[in-house]
Amino acid sequence: MLTGWEKAVFLLVLLGSLGATRTTFGNMFKIIGRGAIPIDWTTTFKRILPGILALLGKPLFKTRPVATIIHTGVSWGFILYMLVNLIDIIYGLFSGFHFLPDSIAGNIYRLFVDIFSIVVLLGVLYFLFRRFIQNDPALHINETVMLNEKARKGVFTDSALVAFFIFFHVGFRLLGASFEIALAEVDVFQPAASALASLWSDMSTGTLVFSEHAAWWLAIGLILAFIPYFPTTKHAHLFMGPLNHMITSNDHTAASFETIDFEDESLEQYGAALLEHLPQKNILDAYACIMCNRCQDACPAYITGKPLSPSAIEVNKRYYIRDHVSDLAKGKESGDRLADWMLSEDAIWACTSCGYCVEVCPVANEPMVDILRARQDLVMMESKFPKEAVATFKNLEVNGNPWGQSAQDRENWIGDLKVPMMREKGKAEYLYWVGCAGAYDSRGQEVSQAMVKLMNHANVDYAVLGTEETCTGDSARRLGNEYLFQMLAQQNIDTFDNYGVTKIITQCPHCLNALKNDYKALGKNYEVIHHAEFLAELVDQGKLSPSKASNANIAYHDSCYLGRHNDIYEAPRDVIKAIPGVKLEEFPRNKNEGMCCGAGGGRMWLEETLGDKTINLERIEDVKAVNPDEVATACPFCATMINDGIMAEALDTKTSSKDIAQYLLESITE
Ligand code: SF4
Ligand code: SF4
């Protein structure tokens, strides 16, 4: 189709585009490579399927169904257009070339391209309408959140630029097809292009030929101009999103993250103070980010008015990289503290590590891990942390529990109960891990008492450590004090080794997560069972038979560390459903979209002074909406926050709250 001089110009443009692409993509991977913890690229090849599913848009379908369906149509069309562009280039360079002419496959190809051209054009118009006319508030970030100055307008300009690129690229290609049809004959397999072609029936052959060439150049020229530009726009997510899914190995979950090797004397930095201190994966996150704000939609800190948006973290990283691309690619130290441009110190301490941002992100980003890394720097390198954390660290260090009560009082909850001690028994099938809340908090003590009564009733072979138990270190770790966490963890690991512990039962999801996931990162692999799973199993096996009817409406509050972090949603519900007469209610925000209580990430020990309201009161809005008789919990921190919220809103005359073990015990008759 192209003339000789057009082919020569095309080859020059192609070489220029490839050269520029090599530079921009090269810079992108050099900057990712600056990160502190390397990406294990070998997993990439083993995880082709998650990458393909991400490319096809599967992870988007977690929320926002309408926008997701339209986005999927646009991205599928765009992926198809990669093949189309290749075929169009061959068509332009080789006279007389037609892709699979007069064949079923060729007909299907042309039909698909024709349909997807219309889908992409309509989809782009929808996104332009949503962003610029409807001005959807979900696409904005609160003014209280630290956001790169250029980003507030830049994200919108970027979106407009890319939308117009896609619109014109696909539009000119469709026009080109219509001119080609006008020069030949109507093609029933290109209904849209044929309809357009009917508009050109009065045009001369010369004008049609010129128009076809012009449309080809505009369609192909736009893509050649845009490819090198990709890494500088948010649309790099088209490649980097699927890649992020491919580098995220199966056992890498939001529940835990890499430990610090304090024996390594070459380490000069703990946690992240600068961009290059973040793991490589977390720098890649910035390129993968769609800037869709799905992560902030239900971030408990953001929706209660705190200056934290997980989305802003990725946007800020991206704009920082864009502003310093050349220096970063050359390997120069960035020099700017994350707390000065990525997220403020107030934002760093506002996170409850609820995991919602990680769970919902369609491109496998982990803004939560950035926050926890930034906390490690503030705590271990700069000694800058909220004053309440000073007391928490001291209590953990001196007394082995965050309440600061005497380590000798750890067995006070036992009272007259018959509880086997590991030091007397020597060995048991299960270690019943009571946890600090179960040992010291009055509400937690009642849960521990219910648990041992249930286990005694079911003849479980268990024992407790009593004063030999010390805090798992979860709060220390989430508050950034990795050193203290490892110290406490090692103490417990030594005790476990002493008794040959392999199976652990606990009612605390934070203890569960630490023992199961954080200790695994320290090389220990225990079978850790949450009491919800254990009790559900005992009921299932007939070892516990709830028979006393209740007739209460019970709504179950999902704990973030049990649900999102450890994927345990059904077992607590099964325990409640096993009680005769109970009607199980669901909160509007439940399971993997459950609303945090506000106590995770060590926030249990910090004051909540920022924002429009406290996180537990935001959760109580759901209690008001459902109006149950009881709110069942399966986490001691949730229990405290929910009970405090119920009391604060004076709902306690109608609604009360207990742990699932307590409800189950009430239903067991001797
Ligand atoms: S972990 Fe939860 S609180 Fe922290 S940034 Fe993510 S969504 Fe917000
Ligand atoms: S981090 Fe994920 S969910 Fe948040 S804006 Fe980026 S792509 Fe969307």
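Read-outs throughout are calculated quantities, based only on the coordinates presented, and are distinct from any laboratory measurement. Bear in mind that the values here come from a model prediction, so they are computed numbers and not experimental data. Glycine also receives a Cβ, built like all others from the backbone with ideal geometry; neighbour counts cover every protein chain displayed.
General remarks:
- What the pair-distance distribution of the stretch 387-539 shows, using all Cα-Cα distances binned every 5 Å from zero, is 2, 10, 20, 24, 22, 14, 6, 2, 0, 0 percent.
- Square roots of five times the Cα gyration tensor eigenvalues for the stretch 545-666, Å: 24, 16, 12
- Sequence of Tyr229, Tyr356 once ranked by neighbouring C-beta atoms within 10 Å, starting from the fewest: Tyr229, Tyr356
- Computed magnitude of the charge dipole of the chain (debye, nearest 20; Cβ of K, R +1, Cβ of D, E -1): 1100 debye
- Relative to the 2.2 N^0.38 Å rule of thumb, the stretch 357-411 has a C-alpha radius of gyration ratio of 1.59.
- Set of aspartates and glutamates near Lys7 by C-alpha distance (under 17 Å), chain-local residues within fewer than 8 positions excluded: Asp88, Glu212
- Reported to the nearest whole Å, the Cα centre-to-centre distance from the stretch 40-65 to the stretch 192-264 is 17.
- Principal-axis tilt of helix 367-376 within the chain, Cα atoms, nearest 10 degrees: 50 degrees
- In a reduced charge model with +1 at each Lys and Arg Cβ and -1 at each Asp and Glu Cβ, the stretch 398-466 shows a dipole moment near 100 debye about its Cα centre.
- Distance between modelled label sites at Asn412 and Ile227, nm, 7 Å Cα→Cβ extension: 7.1 nm
- The GluC sites (Glu not before Pro) of the stretch 91-194 that meet both conditions, a loop assignment by DSSP and at most 13 other Cβ atoms within 10 Å of the site Cβ, are Glu143, Glu185.
- Relative exposure of His565, His510, His235, His71, judged by other C-beta atoms within 10 Å (fewest first): His71, His235, His565, His510
- As a length-normalised measure over Cα pairs under 8 Å and 6 or more apart, the relative contact order of the chain settles at 13 percent.
- Translational diffusion of the stretch 607-653, µm² s⁻¹ [Kirkwood Rh, Cα pairs; Stokes-Einstein; 37 °C; 0.692 mPa s]: 294 µm²/s
- Computed over the alpha-carbon atoms, the stretch 583-637 gives an Rg to Rh ratio of 0.98, Rh here being the Kirkwood radius from the mean inverse distance.
- Over all pairs of different C-alpha atoms in the chain, the reciprocal of the mean inverse distance, the Kirkwood hydrodynamic radius, equals 27.8 Å.
- For Lys306, the aspartates and glutamates whose Cα comes closer than 16 Å to its Cα, not counting residues fewer than 8 places off in the same chain, are Glu143, Asp297, Glu345, Asp346, Glu607, Glu608, Asp612, Glu618.
- Given Lys548/Lys577; Lys425/Lys503; Lys453/Lys543; Lys394/Lys425; Lys427/Lys524, the pairs whose alpha carbons are separated by over 24 Å: Lys394/Lys425
- This ranking places Thr352, Thr470, Thr495, Thr609 by how few other beta-carbon atoms lie within 10 Å of each, fewest first, which gives Thr609, Thr495, Thr470, Thr352.
- For His235, the shell of other residues with beta-carbons less than 15 Å away shows a net charge of +2, using +1 for Lys and Arg and -1 for Asp and Glu.
- Hits among aspartates and glutamates - C-alpha to C-alpha of Lys330 under 16 Å, sequence gap 8 or more where chains match: Glu276
- Residues in the stretch 106-113 carry Karplus couplings, in order, of x, 4, 5, 4, 5, 5, 4, 4 Hz; the curve used is 6.51 cos²θ - 1.76 cosθ + 1.60 with θ = phi - 60°, and Gly or Pro positions show x.
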